[in-house]
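First the structure, in the form of structure tokens, and then the observations on it.
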Amino acid sequence: MRRVIISLCALLLAAPAVWAQASPASAPAAPAAAKPAPAAEAPPAEGGSSTIDQILEGEEDVLQGTGYTYDPGTRRDPFKSLLVTQDKAKVAGPRPEGIPGLLIDEIDVTGIFHTSRGWVAQVQAGNKEKSYLIKEGDQLFDGDVVSIARGEVVFKQIVNDPTALKPFREVVKKLNP
């Protein structure tokens, strides 16, 4: 029984080799048809290793950093995580004093007034005990004032989010009663 199993395994292992040898002998016309015309063959280059040299030169350029550059254009960086969100705006250095140093998320609207020049809103910084008067078009640290109406102020906040379709979002702050 053991000899039968061993001979069957040997036969199964030898069958592909026998089949490969029998295929070219059974079809003698196939090699003549598959052989390309001599004019279509590429002439051998100097030493016969030009393609290898070209590949190696390309690899050397890539390793030196001169062979490949990536220009993302307006696309997001593919190596930044989409799952990690930035909680606060990264501040490089101290913020300026006054209205240009205010963050939209840190302010509260405490009053809205109608003057002869239009609407003016009074805002109070959450981390400071100061109030400021802002009008349409004023620049804040992370955005600007779009409009002021009777009960609300609309801000355009600049966001640095690779998943966002627009580089800004509208923030509406209502006057607290």
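The values are calculated or read from the model by the stated rules, or taken from the named source; none is laboratory data. Note that the structure is predicted; figures quoted are calculated from it, not measured. Reconstructed Cβ throughout: ideal geometry from the backbone, glycine too, with neighbour counts over all protein chains shown.
Would a scan of the stretch 142-153 turn up a residue that is hydrophobic (A, V, I, L, M, F, W, C) and free of Cβ contacts under 8 Å to residues at least 24 places away in the same chain? I'd like the intermediate steps shown before the answer.
Here is the first cut: in the stretch 142-153, the ones hydrophobic (A, V, I, L, M, F, W, C) are 145-146, 148-149, 153.
Remaining after also requiring free of Cβ contacts under 8 Å to residues at least 24 places away in the same chain: none.
No, the stretch 142-153 has no match at all.
For the stretch 38-94, enumerate the residues that are part of a loop (DSSP other than H, G, I, E, B), modelled with pLDDT of 60 or more and over 30 Å from Ile158 (Cα atoms).
Matches in the stretch 38-94: Ser49, Gly65, Thr66, Gly67, Tyr68.
Checking the structure you have, find out if any residue of the stretch 113-130 is charged (D, E, K, R), closer than 30 Å to Pro72 by Cβ, surrounded by 11 or more Cβ atoms within 10 Å (Cβ to Cβ) and in contact with a strand residue (DSSP E or B) (Cβ under 8 Å, 6 or more places away or on another chain). Reasoning before the result, please.
Residues of the stretch 113-130 charged (D, E, K, R): 117, 128-130.
Then keep just the ones that are closer than 30 Å to Pro72 by Cβ; that gives none.
No.
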